[in-house]
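Let me begin by presenting the structure, written as structure tokens, before commenting on it.
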Amino acid sequence: AIALGHQLVGGAVRAARIEGWLAQLRQQPNALLYCFRGGLRSQTVQQWLHEAGVTRPRVAGGYKELRRFLIDSQDRAAAECHWTVLTGMTGSGKTHMLANVTQAVDLEGYAQHRGSSFGQLPGGQPSNINFENTLAIALLKRRQRGEQAFVVEDESRLIGRCCLPNPLFDAMCRAPLVVVEVPQIDRAEQIREDYVHDLWLRYQAMYGHEAGWPLFAAYLTDALARLKRRLGDEAHRDLAALLQSALAEQARSGNSEPHLGWITLLLTRYYDPMYLYQLGNKRERIVFRGDKQACLDYFAAQRANAQQG
């Protein structure tokens, strides 16, 4: 089989492969070589490159060993680090807040999803393995810099289709909670800004105005439809009518403010009652609550205390 392999990948084919690898190494001179198990394939490439005058190290055990290492390091981070969870009603701007928290880990950023029925972003999500690997590498680098305390946003096990690793999710379910309190009128405006205004700009930038508008309108319509079973037929019908009216006005004039109607109703009928029920089951874990600035001050003090300790 080995002899046949050399026969099939020889001559011009071999020369082309080597030139391709050399071109890649010129762009990434610190790259390492690996195959799935760290066996003959990566050994052969290493030998051919050496014969071409380039020596690069090879990962023993290959991708399989790299994956095991990342899983183990992530599990250790979940067990050994101090985790704090930022929670708050839908539209509180938690993701924006965490951008101003030094010790934050942006799980939604790694998942490329905002974590709700309306959280899908144009461009799609990474595979679950790539999500886990990227998160594990980020935590590993930060722990190597001495960071041992992290803040994450309150998430369900699934962020879109990306599943949080069980040890990390379990650590989050035990972690102390910081509750940010934001009036509903401000939360509705934040949702309009994030899920209507800004997201439409993303669709427009990616697909252009003409092709992007029907995709954007379908995104909002489909996201609301996914909540139909939980909302009930009547509530969904009311919300869908308000949404379609708002989309029509936005298409006509560019004004997205009519969306506040269905957003406020959705908060009142669905998201706010659901959040209050869920928070009621976690009250013993609450260590702080306040407005945005108060919560940011709490996290800053938490970090200062950790550095002094």
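The values are calculated or read from the model by the stated rules, or taken from the named source; none is laboratory data. This one's a predicted model, so the numbers in the text were calculated from it and none came from an experiment. Cβ coordinates were reconstructed from backbone atoms using ideal geometry, including for glycine residues, and neighbour counts include every protein chain displayed.
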Hits in the stretch 1-37 - residues which are among the basic types (Lys, Arg), surrounded by 10 or more Cβ atoms within 10 Å (Cβ to Cβ) and at pLDDT 85 or above: Arg17, Arg37
Of the residues that sit in the stretch 236-272 and are of a type in the set (Asp, Glu) and part of a helix (DSSP H, G or I), which one is farthest from Thr87 (Cα to Cα)? Glu249
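Residue by residue through the stretch 164-184, note down the ones that are more than 30 Å from Ala79 (Cα to Cα) and free of Cβ contacts under 8 Å to residues at least 24 places away in the same chain. Steps first, please.
Within the stretch 164-184, the subset more than 30 Å from Ala79 (Cα to Cα) is 182-184.
Scanning the stretch 164-184 gives a single hit, Pro183.
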Exactly one condition in (1) in contact (Cβ under 8 Å) with a residue 60 or more places away in the chain; (2) exposed (fewer than 13 other Cβ atoms within 10 Å of the Cβ) is not met by Gln302; state its number. (2)
Determine whether Ala251 is within 27 Å of the chain's Cα centre (by Cα), among the small types (Gly, Ala, Ser) and either assigned by TED's automatic domain parsing to the domain that holds Tyr195 or surrounded by 14 or more Cβ atoms within 10 Å (Cβ to Cβ) (or both). no
Checking the condition buried (at least 18 other Cβ atoms within 10 Å of the Cβ), assigned to a loop (DSSP other than H, G, I, E, B) and within 16 Å of the chain's Cα centre (by Cα), which residue from Gly115, Gly123, Gly91 passes? Gly115
Looking only at the stretch 260-294, how many residues end up being touching a Leu at 6+ places or on another chain (Cβ under 7 Å) and under 19 Å from Leu177 (Cα atoms)? 4
Answer residue from the stretch 259-299, given it is in contact (Cβ under 8 Å) with a residue 12 or more places away in the chain and of a type in the set (Lys, Arg) and is surrounded by the fewest Cβ atoms within 10 Å (Cβ to Cβ) among those: Lys282
